[in-house]
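Asks: The structure follows.
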Amino acid sequence: MNILITGGTGFIGRKLIPELKKQGHNISVLCRNKEKALSILPNDCKIIIGDITDAESLKGCCDGIDMVYQLVGLSGNELPSEHQFARFRKVNVEGLHNIVMEAERAHVKRFIQVSSIAAMGIVKQMPINAESKCEPYLPYQVSKREGELLVLKEVKEKNFPGIIIRPAKVYGVGGEDSYQSIIKMCKKGIFPKVGLKDTQVSHCYVDDLITTLSLLTEKGKIGEIYICATEKGIGFYESVELVAKLMGKKVKMIPIPRWLMASMAYCIEVVFGWMGKKAPVTRRNVIAATTDRIYDFTANKRDIGFVSSVTMEEGIRRCVEYNKAKGLF
């Protein structure tokens, strides 16, 4: 097939391209910076210059294309404000709309929208699946959910061939946050433990996301939403202890009541708000960090035949070794 990837120069795109080429597909990449693309992409990739926030620049980008992987997105945990909602919607909603319209015009056969589990907000009822109620709050979360609804509306009203993937936090060797922040804290020998229980987490190792995306060339149902994460999670503080063990360090957990941490976060929000800066910790962060994430993968098994192959323990081990090789500790 002839496949177009938007955001192909990013962490996920750079790993997806060789996997699709291995399957024999012809790859085109939509990007804003030709020099950057030429420096990191395979020579036989066709480079198309365009910006999804500029509809005019997209004209013709889907001509002759059978399938589109829409990877472009703006992420962040900024608190709600008129400016932040507009900022995230420009890329995650308006930009998505532009590429969807171009894909519709060119009659592509499949369109894969890579969304995020963030589109659901904080879900308290377990296990979480595509039918769970979405309650996004932060501008990023709201924009990702609005993007999903945009695609689903086109599927329903115009038979648009859209499929949505909701990855949990994507991590892995080469990623921006491959456990670096936890490693840095473990180096200090102490780690704050918020709340009484060990919250269950299940992230998405990048190799598993790539496998899932590559299988969607043939599998998956139009109009469906699939959650992509490690099938079996791990306790967050259990993962911290594993990181410390792999580093050869001992870490002392410092208990902090959830209410106290939330109060501290509120003060931080107020102070940083006065300074016009982004707060490093918010009350929303505290709630999210103390809420379990347990997923239901029935749809993935039924339609795609794959959930994950890299356990949280194995993924963490790879990341720690990668960061050690880079000299982080």
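Asks: Explain nothing, just the number: dipole magnitude of region 2-167 about its Cα centre with +1 on each Lys and Arg Cβ and -1 on each Asp and Glu Cβ, in debye rounded to the nearest 20.
Replies: Taking the Cα centre of region 2-167 as origin, the dipole is about 380 debye.
Asks: What does the net charge come to around Ile99 if you take all other residues with beta carbon closer than 14 Å to its beta carbon, with K and R at +1 and D and E at -1? All intermediate terms of the calculation are to be shown ahead of the outcome.
Replies: On the way: positive: Arg32, Lys59, Lys90, Arg105, Arg110; negative: Asp51, Asp54, Glu56, Asp63, Glu94, Glu102, Glu104, Glu154.
Surrounding charge for Ile99 is -3.
Asks: Under a Cβ-only charge scheme (Lys and Arg +1, Asp and Glu -1), can you give me the dipole magnitude of the chain about the Cα centre, in debye to the nearest 20? Don't skip to the end; give the middle numbers.
Replies: Numbers: 48 positive and 36 negative charges, 226 e Å.
The calculated dipole for the chain is roughly 1080 debye.
Asks: Based on the mean of other beta carbon atoms within 10 Å per residue, what is the order of 91-98, 139-146, 152-159, most packed first?
Replies: Ranking, from highest mean packing down: 139-146, 91-98, 152-159.
Asks: With 28 Å as the limit, write out which pairs from Lys21/Lys59; Lys46/Lys278; Lys36/Lys169; Lys133/Lys252; Lys197/Lys324 have Cα-Cα distances beyond it, or answer none.
Replies: Pairs exceeding 28 Å: Lys46/Lys278; Lys133/Lys252; Lys197/Lys324.
Asks: May I ask you to list, by number, the DSSP H helices of the chain whose Cα span along the axis is at least 15 Å and whose average Kyte-Doolittle hydropathy reaches 1.0 or more?
Replies: Result, helices passing both filters: 258-275.
Asks: Of the options Val72, Cys45, Ala103, report the single residue whose Cα projects farthest towards the positive end of the charge dipole of region 2-167 (beta-carbon charges: Lys, Arg +1; Asp, Glu -1).
Replies: Cys45
Asks: Follow-up question, since we're still on this one. So how far, in whole Å, is the C-alpha centre of region 86-121 from the one of region 238-299?
Replies: Each part reduced to its Cα centre gives a spacing of 30 Å.
Asks: Per-residue ellipticity at 222 nm for the chain, helices alone: DSSP H runs ≥ 4 residues times -39500 (n - 2.57), over residue total, nearest 500 deg cm²/dmol?
Replies: Only helices count here, giving -12500 deg cm²/dmol.
Asks: Amide H neighbours of Val29 under 5 Å, at least 5 residues apart or on other chains, H built in the peptide plane: list them.
Replies: Ile5, Lys46, Ile47, Ile48
Asks: Report the one residue of Val93, Pro136, Leu20 whose Cα lies farthest in the direction of the positive end of the charge dipole of region 2-167 (charges on C-beta: Lys and Arg +1, Asp and Glu -1; origin at the Cα centre).
Replies: Going by the Cα projections, it comes out as Leu20.
Asks: Find the centroid of the Cα atoms in region 220-235 and in region 9-56, then give the distance between the two in whole Å.
Replies: Their Cα centres are 25 Å away from one another.
Asks: Nearest 5 percent is fine: what portion of the DSSP beta bridges confined to the chain is antiparallel?
Replies: 5 percent
Where a number appears in this text, it was derived from the coordinates with a stated rule and is not lab data. All values derive from a computational prediction rather than experimental measurement. Quick reminder, even Gly has a Cβ in these numbers, built from the backbone with ideal geometry, and neighbours come from all protein chains shown.
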